[in-house]
Amino acid sequence: MIEVMVRLAMHLSPSEGRNPMTSCDLDTSVPDWIIEHPGTLAVFQELGIDYSCGGKSLGYLCLQRGLDAKAVLARLLHFLEANVQA
């Protein structure tokens, strides 16, 4: 499952360096993720990522928590994809 999520995260638009489903990436602040995709709040809570982090990037907060940033990004993108198809 994690392999699939990592492949999904790696499916970034080469011209923009971002996923076509969202403009959010590892450089996006967690509050901006939540503003653009409110449902991701539950994912951040599950992972213990502080969503009132003062605008720190997702990548930075993953590093602080000892989380694999690419796996977290893949999980968020998987969540978004699942909710688009629902």
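Which residues' amide hydrogens lie under 5 Å from the amide hydrogen of residue 51, considering only partners 5 or more residues apart or on another chain, with H built in the peptide plane?
The answer is none.
What is the set of long-range amide H partners of residue 57 at a cut-off below 5 Å, with H atoms built 1.01 Å from backbone N?
Amide H neighbours of residue 57, under 5 Å, 5+ apart: none.
Quick note: the coordinates plus some simple rules give every number you see, no bench work behind them. Since this is a predicted model, take the numbers as computed values, not measurements.
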